[in-house]
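Please read the structure below before turning to the comments.
Throughout, read-outs are computed from the coordinates displayed, never taken from laboratory work. Keep in mind it's a predicted model, so treat the numbers as computed, not measured. As a convention, Cβ positions derive from the backbone with ideal geometry for all residues, glycine included, and neighbour counts pool all protein chains shown.
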Amino acid sequence: MKTFIYASLIGFGLVSLSLANVPDTTQHTVHMLGADISTITGSGIMYRAIRGNYGFKVSGYLIAFSKSDENDYNLGAAVQRTIITKPLTRLYFFLAGYYGGKKTENYRYRRFNGGLGFGAELRAFQAVKNEDTIFFIEVGEKYLRTRQERLSSGDVKPSSGYTPCFTAGLGIEF
């Protein structure tokens, strides 16, 4: 799997160097709302804004059960730098981070990661005038730190390490 991630990163890099970058001369901000599933920037409801060649994305969710003490949450963010812009696609580098956790009756889990990688956006179809449906994927490498705590005894099991990451999502750009 690690070989696949490195090959993908190198492939994206070579493609980005061989294609001409179309400079974005617009100075207005382009927004996107949607949902994503991610192991690096958090999963859930997503918002992304792009101005010029730079973008910023946040995503996350919170699930809390009122009748029990259980909850699940995450929040992530990414800064994006456009490599290539074409009419139907956009390739970009990203630097991202994420914090999440889950609490059950017996355990509390906490996760934090930071990493970088490449992403691609594909315009699927135009939903309404000046609004496009965008499908996006991201691959990269992250440093993940987890902490599992048993609430009854206070035992703590921390772990950390580098691991591949992946994101897939869909949104409406306006």
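Please compute the modelled spin-label separation between V79 and Y109, points set 7 Å along Cα→Cβ, answer in nm with one decimal.
Each label point is offset 7 Å from its Cα along the Cβ direction, giving 3.0 nm.
Restricting attention to region 42-127, which trypsin sites (Lys or Arg not before Pro) occupy a DSSP loop and are surrounded by at most 10 other Cβ atoms within 10 Å? Walk me through the numbers on the way to the answer.
On the way: sites: R48, R51, K57, K67, R81, R90, K102, K103, R108, R110, R111, R123; in loops: K67.
When the trypsin sites (Lys or Arg not before Pro) of region 42-127 are filtered for loop state and at most 10 Cβ neighbours within 10 Å, K67 remain.
At most 16 other Cβ atoms within 10 Å and a DSSP loop assignment: could you name the GluC sites (Glu not before Pro) in region 71-147 that fit?
E105
Using 1/(1 + (r/R0)^6) with R0 = 22 angstrom and r between the beta carbons of H31 and L62, what's the FRET efficiency to the nearest 0.05?
0.50
Could you list L62, L75, L95 so that the one with the fewest beta carbons within 10 Å of its beta carbon is first and the one with the most is last?
Arranged by neighbour count, lowest to highest, L62, L75, L95 become L62, L95, L75.
Using the Cβ atoms and a cut-off under 11 Å, what net charge is assigned to the surroundings of A168, where Lys and Arg are +1 and Asp and Glu are -1?
-2
Using the Karplus equation 6.51 cos²θ - 1.76 cosθ + 1.60 (θ = phi - 60°), what ³J(HN,Hα) coupling, rounded to whole Hz, does each residue of region 88-99 give in order, writing x for Gly and Pro?
So the J values, rounded to whole Hz, are 10, 9, 8, 10, 8, 8, 9, 10, 9, x, 7, 9.
Say each of F135 and R147 gets a label point 7 Å from the Cα, pointing the same way as Cα to Cβ; how far apart are those two points in nm?
4.0
Would you tally the net charge around F56, using a Cβ to Cβ cut-off of less than 12 Å, leaving F56 out, and scoring K and R as +1, D and E as -1?
+4
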